[in-house]
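I have placed the structure first, in the form of structure tokens, so that the comments after it can refer back to it.
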Amino acid sequence: MPALRLAQERYGWLSPEALVEVADCLGLTPAYCLSVASFYDMLHLEPVGDHLVEVCTNICCGLRGAEAVLEAFQRELGITVGETTNDGRVTLRAVECLGGCGWPTVVAVDGRYRLSVSVEDVPAIVHCLAAAARREREGSGG
Amino acid sequence: MAELVTVTIDDRAVQVPKGTGIVETAAAAGVEIPVFCYEPRLGPAVGACRMCLVEVEGMPKLQAGCTLTAQDGMVVRTARTSPLAAEGENATLEFLLVNHPLDCPVCDKGGECPLQDLTFRYGPPVTRMTFSKRTFDKPIPISPLIALDRERCILCYRCTRFSEQVAEDGQLVARNRGALSVIATFQDLPYRAPFSGNVIELCPVGALTSTLYRFQARPWEIQNVPSVCGLCPAGCNISATIREGKVKRILSRNHPQVDQGWICDRGRFTYPALYAADRVRTPLRRVGARRLEPLCWEEAMDELERQCRAAEGKAALVLSGTETVEIAYALSMLVRRGLRSHQALLPDGVGEELDPYRAPLSAIAEAEVVVVAADEPVLDRAPIVDLWIRAARRRGAELVTIGPAGTVGRQPGDWQAVCAELADPGSAVGARLRQAERAALVWSSSGGCHLLAQLAHALSFHERPGCGAYYLPATPNGRAVTEAWAAAGEGSPTSPPSAFSLLLVSGDEALRDPRLPELAERAETVVAIAMFAEEARRLAHLVLPGTSFLEREGTLVNLEGRVQRLRRAVEPPSRAETDWIAELAARLDVDLARSPSLPRASTQEQAPLPPRPAPQPMAALQPASSLQAPPAPELRLVRYRALFSGPLVERVPQLAFQRPQAEIELSPEDADKRAIASGDPVLVRADGKEVELRARVNRRLVAGVARAAEEHVRDLPDLVEVRAR
Amino acid sequence: MAEAPVLVLAGADERDLTKLAEYRAVGGYRMLEKARGMTPQEVIDELIASNLRGRGGAFFPMGRKASFVPRDTGRPTYLAVNADESEPGTFKDREIMLRVPHRLLEGCLIAAHAIQSRNVFIYIRGEYLAEFEVLRAALDEAREAGLLGDVSVVLHRGAGAYICGEETALLESLEGKRGQPRSKPPFPAVQGLYASPTLINNVETIATVPKVLELGGDEYAKIGAPPNSTGTRIFCLSGNVERPGNYELPMGISLRRLIHDIGGGVAGGRKLKAVIPGGSSFPILRADEIDVNLDADSLGAIGAFLGSGVVIVIDERCCIVELGLRVAQFYMHESCGKCTPCREGTRWMVQILRKVEEGAASQGELDLLLDVCDRVLGKCLCPLGDAAAMPIASYVTKFRDEFQAHVDQGRCPLGESSSLDGLLAPADQHASATAHGHLSIPRPSRPVAGAARGA
């Protein structure tokens, strides 16, 4: 599993080629690696954006307006949940309980938790992601 | 013997050894506990399907019977006497059926389906599922041999457990999680593995079906004929499914000492070759250079008699080692008694000097230490032995493989030196073999049966019944065929073919023997017994129809020395060999009465292994200096007959994907020296002959050796040069 | 309750206990020293005396579990710490790892000593990135300070699967496999990680161990609601409550007090409708049932559970059918797929609940739903099936009127004003599922993508 995580960190997702590479390193079959990877939600077998926004929609956040927060993200990003923005920068997902039920709504941005996110906070988060994306573009350009 | 305990199942007390599974304990008490996922041959019970729920006194919840073992005083109630267990059983069946398509009328499994049977017996009479069922694309060909219907799948994980824990090919896996779980291969690539077909038999529903059997028959219009596979020296027990006089499929027939109910894909899927377009159905006579024309039997027998009479004292017989004892004996009698000729090319077989060290194949799995001496992969010589060795390793046996691709790397053919080393008390591996109560020596190289016997003797295997020496010969019945030849000779010495005018070649495999073209050249007349015209076309003047082991009644002796009965599953398309040979023998005044020295097959369904004879004195092993790698740039070529090769395999298009890749294996050192990487095209040459193959770097191969399937390097000598193209 | 002790989180309000020096300043790692001066059996005896019970939900006495771990098997002995906190409503282990990581590590080392293990694995849920980093830093500090001795502590990150919180699934996952539970027996204590003796405990349980030694088992056992519910719990208060958060309190506090006095009552002064104690895997309580003490015996008497110390407060705006649907979707999504009743039952429950929620269900389907729950309950390989069936059955039983109203009116009585209206479940956008055309259950408006079916 750590090997699958490493491969995902390097390639962004677990492509068939990445699974073959992991299998070769560990002396396993690609099919076995696929079997393991497909069991876990955080291992992506499809390409995802450079940034991942995950909104908890389990009951505790749900009781406190997670649906509205999710909708706000869809609006701001111009995509529906499960999709990636056209420029490949951001993927939006709904996820199960992130373990921050005391501070709803919990949103994980690239694995970092934002607690007590309300609809009003969403534009700023999306703005930050856009700024980060711009910096990366400039960084890679220069 | 384990301690006996008393368990009460549905008010019936039964005594079983402590630790016996509750499913088996119930069976001993005459009570059925239905199961789907439970299959002890696949390793520890997983308790996944929940079909076997039982009530156990003192336990608050229902328990999966398959995961329980017998303890003294245990009181178990199955669905037969416990309303709670009955509710559990019924619930499991209801859950299994909520997404099962119930397409039994068009399902191949219908009529022999555990899900159908158990639903009929214990299931709910009506469905309460009103939603649309889970749907998938179907059927998905997971290989050209196997179709997967995911809608029918009940996710018992038998197939994936077989792939992971028995065959260890790791190719068929479960993908995703929960209700989305499906059985899959990587990237929908074909399930390419030598034992893949077993998953069809393991599947308790119609999710995995054979593409060759699909829509071919219904269970109530078939017969299953118990017989033995005649394609390799292991002699796995099989059943041939017959419908309207044709073989429709091959199933395993569990012989716990031989095959444990597994068979390889060659044994399972080559039967369609019986119906190949070039099957010889009448005698054929050569007309012109390459053409064969049919001949009526009368003419053929006259011609054959004429040829025989003309060749008295000048006939030679080539036996392939696929013959039954009876056919081999009749042919030998014909040649030796009728034609007074004692020239023969005899097949590779186990020598009787190994009998004092024999043990059932299943003993390999129980060994503490297994030593495999292999120039050629075990899998390709006797596939089932490969599974027994894997089972041994899973049980914690120490496994040492010696040879060009072994954990102990040696040059091919270096067996004199290896055996002497192992027999030396100073050798660590030798010491393990000497001390272990249960040990196995497996010999997967051509020739060397006597060496193996010497080694087994030196290690005093004959004193320990748990120790066995196994020689894997290149032919299925070579030993018995050779014995039949000897029995027909009344002590006359055998000579290799030297001065002959008539060459009698028995079997399609013999026709492919690399020595044959040269022999045929020297003969005035070549008579071939062949199943396939294409195999005989180049060499034979007269061709007589050969039969498959599925069409023969007779006796086979496997590599253990087990005498097994072959039953005729279907009639051959023409006269059987035994029939026309008898006629010819009568014409030549040869009495074919069976010699008492011939092995006789047991009448039991599962043939027993004959006891070990007392060992004969053996010469001590002479030390020899170890073979060195050939001087650069030459490489020693190791050729092996790939499992998926030969006249039968080539006639089944669905098996084409299993055939060996056109590649040559090189050691990392040799590849580096030649700047060759895996996948590169290379030229293999010697004596002015050249073959282009793809390179594969095998980390385990020793330097100085190149390995390839025989069919790709047929014309090359043993020392070759390899370079990048 | 002025004297209410804070044990697990003690000192964390005043100091930055993520730093070794600060933790040592409040007496940190002294109990490790003390434990190492005791025999393993003496440590286990203290744990048995304390009656410290598993905080992960199963409530099994830790000392007894540790005493089941055999010695001298010729195999290594492992300690596995369950930090895969994923039960909806639970967020206490996270707090422990973020604020008192050294107390957790100290507990690990003491427990390792008790079972003579030199190998500790902390299985931390993959989503917990910050927690992993804090714990890793603390571990580095402890290692540098030589506190680990000959014990190796490995942090293993999960990758997103609720089921890995089940102990045998956790072991499978640690071994690099699909996290599917194993059949028991054999129990992990005998045959756990790599078929070797293994003690598995929850983060909060382990983090309590230093305090048990500090107070002494007998003293610890006096706190809370002895004899069965000793010590403190970190209660995770969430939902429609004014002041949600983690509160470490002695066991046995009344649910009403927790919600109204400590949590500040229902948010916005709304009316209380229901409370889910224990976590989403456990039965619901109606508003009139909150006069109960939060200890195992009191809750057990009314068919409820302490679980992982969760209290989810639900106000009047919530449609219980929607709640049930969302909870069922969670379990369907997280079912591992190994055993039949859970894999098929959770999916069927979702199908029925969706139909009820849409107002399309018949009277018989409410009974069918209860029956499906009943047929899952107690028949699965691991507790996940029960965890799905138990709450759903309780929702139908305790709020039968509301379910009935959906059937009678052909729609949700609360309509769009329900707080959970339209809430999207991840099961509906499972990435690998949609890409392969196996979308679990289509919503009426969305056809099944790519799933072809013959005529």
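Values computed for the structure shown
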{"read-out": "D (Stokes-Einstein, µm²/s), Kirkwood Cα radius, region C:197-347, 0.692 mPa s at 37 °C", "value": "194 µm²/s"}
{"read-out": "Semi-axes of the equivalent ellipsoid for region B:603-645, Cα gyration tensor, largest first, Å", "value": "39, 26, 4"}
{"read-out": "Cα-Cα separations in chain C greater than 39 Å, expressed as whole percent", "value": "23 percent"}
{"read-out": "Directionally averaged projected area (convex hull, Cα atoms, region B:641-688), nm²", "value": "5.0 nm²"}
{"read-out": "Taking B:R253, B:R612 and counting other C-beta atoms within 10 Å, the order from fewest to most", "value": "B:R612, B:R253"}
{"read-out": "Stokes-Einstein D in µm²/s, Kirkwood radius over Cα pairs - region C:217-268 at 10 °C with 1.306 mPa s viscosity", "value": "137 µm²/s"}
{"read-out": "Shape box of region C:182-249 [Cα atoms, principal axes, largest first, Å]", "value": "47, 35, 20"}
{"read-out": "Exposure proxy order (Cβ contacts within 10 Å, fewest to most) of B:W220, B:W262, C:W348", "value": "B:W220, B:W262, C:W348"}
{"read-out": "Percent breakdown of C-alpha pair distances by 10 Å bin, ordered from the shortest bin, for region B:1-94", "value": "19, 53, 27, 2, 0"}
{"read-out": "Using a Förster distance of 41 Å, the FRET efficiency for A:L6-A:R75 (Cβ separation, nearest 0.05)", "value": "0.70"}
{"read-out": "Volume per residue that the Cα convex hull of region B:250-342 spans, once the total is divided by residue count, Å³", "value": "163 Å³"}
{"read-out": "Rg over Rh [alpha-carbon atoms, Kirkwood Rh] for the protein assembly as shown", "value": "1.03"}
{"read-out": "Nearest-0.05 FRET efficiency for B:E299 and C:Y194, computed from C-beta distance (R0 41 Å)", "value": "0.05"}
{"read-out": "Inter-probe distance in nm under a simple model that places probes 7 Å from Cα toward Cβ, at B:M59 and B:D589", "value": "7.9 nm"}
{"read-out": "Residues of type aspartates and glutamates that B:K109 reaches as a straight line, Cα spacing below 15 Å, ignoring anything fewer than 8 places off in the same chain", "value": "B:D117, B:D149, B:E151, B:E201, B:E221"}
{"read-out": "DSSP beta bridge pairing in the protein assembly as shown, given as percent antiparallel to the nearest 5", "value": "55 percent"}
{"read-out": "Cα centre as origin, Lys/Arg/Asp/Glu Cβ charges: chain C dipole, Debye", "value": "940 debye"}
{"read-out": "Rg over Rh [alpha-carbon atoms, Kirkwood Rh] for region B:409-496", "value": "1.06"}
{"read-out": "FRET efficiency, 1/(1 + (r/R0)^6) with R0 41 Å, evaluated for C:E14 and C:R75 via beta carbons", "value": "0.40"}
{"read-out": "Size of charge dipole - chain B - debye, nearest 20, with Cβ of Lys, Arg +1 and Asp, Glu -1, no other charges", "value": "1140 debye"}
{"read-out": "Kirkwood Rh (inverse of mean 1/r, distinct Cα pairs), chain A, angstrom", "value": "16.2 Å"}
{"read-out": "Overall form of region B:366-406 per C-alpha gyration tensor (a/c, 1.5; a/b vs b/c)", "value": "oblate"}
{"read-out": "Residues B:E376, C:E402, sorted so that the one with the fewest Cβ neighbours within 10 Å comes first", "value": "C:E402, B:E376"}
{"read-out": "Reciprocal mean inverse distance between Cα atoms of chain B - Kirkwood radius, Å", "value": "28.1 Å"}
{"read-out": "Proportion of all alpha-carbon pairs of region B:532-620 beyond 18 Å (%)", "value": "65 percent"}
{"read-out": "Ratio of the Cα radius of gyration of region B:151-282 to 2.2 N^0.38 Å, where N counts its residues", "value": "1.14"}
{"read-out": "Mean separation of Cα contacts under 8 Å, 6 or more apart, over the residue count of region B:632-725: relative contact order %", "value": "43 percent"}
{"read-out": "Calculated diffusion of region B:578-725, Stokes-Einstein form, Kirkwood radius summed over Cα pairs, 37 °C and 0.692 mPa s, µm²/s", "value": "164 µm²/s"}
{"read-out": "Net charge over other residues, Cβ less than 11 angstrom from the Cβ of B:P356 (K, R count +1; D, E count -1)", "value": "-2"}
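Every number here is computed from the coordinates shown, using simple stated rules; none is lab data. Nothing here was measured: the structure is a model prediction, and the numbers come from that model. Using ideal geometry, Cβ is built from the backbone for each residue, glycine included, and neighbour counts are taken over all protein chains shown.
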